[in-house]
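Below: the structure, in C-alpha cells.
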Amino acid sequence: VVLADQAGAYLSLMLANTKLAETRQFEAYNRLSAFLVHDLKNIVAQLKLITTNSDKHKNNPEFVSDAFRTVDSAAARLDKVLQHLRNRAKSVDEEPPQRVDLKSLLVRVVEERAASRPKPKLELGSEEVFVNSVEERLKNVLTHLIQNAQEASEDDGVVKVSVAPQPSEMVVVAIEDSGCGMSEEFVNRKLFKPFVTTKGNSGMGIGMYESKQFLESTGGSITVNSVEGTGTTVSIQLPLA
C-alpha cells in the first residue's frame with residue numbers, strides 16, 4: 001500500500017510538472033504572439049497613413065520623401081518580425097545590448113512620424129550621446145511613445161521630444177504632449193498592465209507594457225507624469241554606453 005501511494009504521488013507530481021511546462025510554453029507563445037500582432041498593427045497604421053493622405057499630398061515632394069521613408073521603415077520592421085518567427089526558439093529578450101547612437105536614432109524616428117499631426121519637434125544638444133540598448137527594439141519603443149503622444153493631441157497641438165544627459169551615467173529622453181492626459185489612478189494602476197488601453201477597440205494595451213519590460217531589461221526605466229486635460233510627459237532613462 002505504501003509503495004502504491006508513493007508511486008501514485010510520484011506520478012501525480014510528474015503529470016503536474018508536465019502540465020506546468022506546457023502552460024509556460026503556451027504563456028510564452030501567447031506573449032510573443034501579442035507582441036507580433038502589436039508590431040503588425042503599427043506597420044499597417046504606418047502604411048494606411050500614406051494611402052489616406054496620398055490624394056491630397058501626392059504632388060508634394062516632401063510627402064513623397066516621407067512616404068518612401070515610411071515604407072522603408074515598415075519593410076525593416078516586417079523583416080524583424082519574420083526574423084523573430086524564424087528564430088522562435090530563441091527569446092526576443094536574448095538579443096544583447098549594443099552601442100546605439102541615440103540622437104541619430106531619434107532623428108530617424110521623428111522623421112518617420114512627421115507625416116502625422118501634430119508634427120513632433122526634436123530638441124537635441126550639441127553633444128554626441130551613445131546608449132547601451134538594442135537599436136531596433138529601442139526604435140520601436142520611441143516610435144510607439146511618440147505615436148501615443150500624437151494620437152492623444154489635437155492636430156494643432158504640441159509634441160516635443162528632448163534629450164537631457166544625467167549626472168548618474170544615464171540619459172533621459174522626454175516626450176511631452178499637449179493632449180488629453182490621463183488620470184493619476186490610471187497611470188499608477190493600469191498604464192503598464194498588458195491588454196489595458198485607453199484607445200478602445202483600436203488599441204491592444206501591449207505597447208506600454210512591452211516598452212517598460214524592454215527598458216528595464218537593458219538597465220533603463222520609464223516614468224509618466226500626466227494631468228487630465230493638460231497633457232503627458234513620458235520620460236525614459238537609458239544607460240550611457
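The values are calculated or read from the model by the stated rules, or taken from the named source; none is laboratory data. Fair warning: this is a prediction, and the values are worked out from it, not measured in the lab. Backbone-built Cβ (ideal geometry, glycine too); neighbour counts: all protein chains shown. Only protein heavy atoms, including side chains, enter the accessible area calculation; ligands, DNA and RNA are left aside. Shrake-Rupley method; radii C 1.70, N 1.55, O 1.52, S 1.80 Å.
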* Subset of the stretch 224-241 that is among the hydroxyl-bearing types (S, T, Y) and within 25 Å of V129 (Cβ to Cβ) - its residue that is most open to solvent (accessible area, probe 1.4 Å) -> T233
* To do: Evaluate the following for V161: is it free of Cβ contacts under 8 Å to residues at least 60 places away in the same chain, in a strand (DSSP E or B) and not polar (S, T, N, Q)?
  => yes
* Tell me, please, whether a residue that is open to solvent by 10 Å² or more (accessible area, probe 1.4 Å), free of Cβ contacts under 8 Å to residues at least 60 places away in the same chain, touching a strand residue (DSSP E or B) at 6+ places or on another chain (Cβ under 6 Å) and under 18 Å from S221 (Cα atoms) can be found in the stretch 123-133. => no
* Asked: Going through the stretch 91-104 one residue at a time, which ones are touching a Ser or Thr at 6+ places or on another chain (Cβ under 9 Å) and surrounded by 15 or more Cβ atoms within 10 Å (Cβ to Cβ)?
  -> P97, V100, L102
* Pairs with Cβ under 7 Å, 6+ apart, first in the stretch 54-71 and under 17 Å from T143 (Cβ atoms), second part of a loop (DSSP other than H, G, I, E, B) and open to solvent by less than 50 Å² (accessible area, probe 1.4 Å) -> D66/A114; D66/A115; T70/A115
* Asked: From the set of residues in the stretch 1-13 that are modelled with pLDDT under 75 and part of a helix (DSSP H, G or I), which is least open to solvent (accessible area, probe 1.4 Å)?
  -> A4
